[in-house]
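Below is one structure, written out as structure tokens; comments come after it.
The values are calculated or read from the model by the stated rules, or taken from the named source; none is laboratory data. What you are looking at is a predicted structure, and each value in this text was computed from that prediction instead of being measured. Cβ coordinates were reconstructed from backbone atoms using ideal geometry, including for glycine residues, and neighbour counts include every protein chain displayed.
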Amino acid sequence: MSPADLAERERQIASVRQTLGAKAFADAWRAGRAMSLEQAVEYALTAPPARRVPASESAGPSIEQAASPLSARELEVSLLLARGFTNRQVAEELVISKRTASTHVTHILTKLGFSTRSQVAAWAVERGLAG
């Protein structure tokens with residue numbers, strides 16, 4: 001992990017720990033560590049969206065809150081789609097498989113009720129998410 005990615009990961013972990021509380025965080029962390037890779041992937045692809053922290057409780061609105069109902073990873077993919085990336089380019093940029101990139105695109109289209117990648121791009125631009 002790059003130092004920037006590691007710092008962001010630690011920031012996100014601290015935020016979740018604060019939101020859940022120490023005991024609930026420890027329980028969730030332990031449950032996640034006990035999952036097999038296949039179970040973790042299945043959970044990540046099918047879990048309901050996490051509860052959003054109201055803006056009054058956070059340091060300010062996050063991109064994830066502005067882009068609901070997409071997960072953080074789906075948001076990343078949608079921003080790359082807005083830049084015209086193919087599934088192969090998304091996979092290379094995010095260091096994931098082309099199949100995983102395709103799955104993310106399918107989930108984005110389904111969640112937003114769209115049928116084309118250009119609709120996703122327009123959606124991102126309309127919300128000021130694509131720069």
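Quickly run through the range 11-29 and pick out the residues that are surrounded by 12 or more Cβ atoms within 10 Å (Cβ to Cβ) and among the basic types (Lys, Arg). Lay out the reasoning, then the answer.
We begin by selecting, within the range 11-29, every residue surrounded by 12 or more Cβ atoms within 10 Å (Cβ to Cβ); these are 13, 15-20, 24-29.
Selection gives Arg17 alone.
When the residues of the range 103-131 are narrowed to those that are small (Gly, Ala, Ser) and surrounded by 15 or more Cβ atoms within 10 Å (Cβ to Cβ), which ends up modelled with the highest pLDDT?
Applying the first criterion (small (Gly, Ala, Ser)) to the range 103-131 yields 113, 115, 118, 121-122, 124, 128, 130-131.
Checking the rest, the ones that are also surrounded by 15 or more Cβ atoms within 10 Å (Cβ to Cβ) come to 121, 124, 130.
Numbers: Ala121: 88, Ala124: 85, Ala130: 70.
Once the filter is applied, the top-ranked residue is Ala121.
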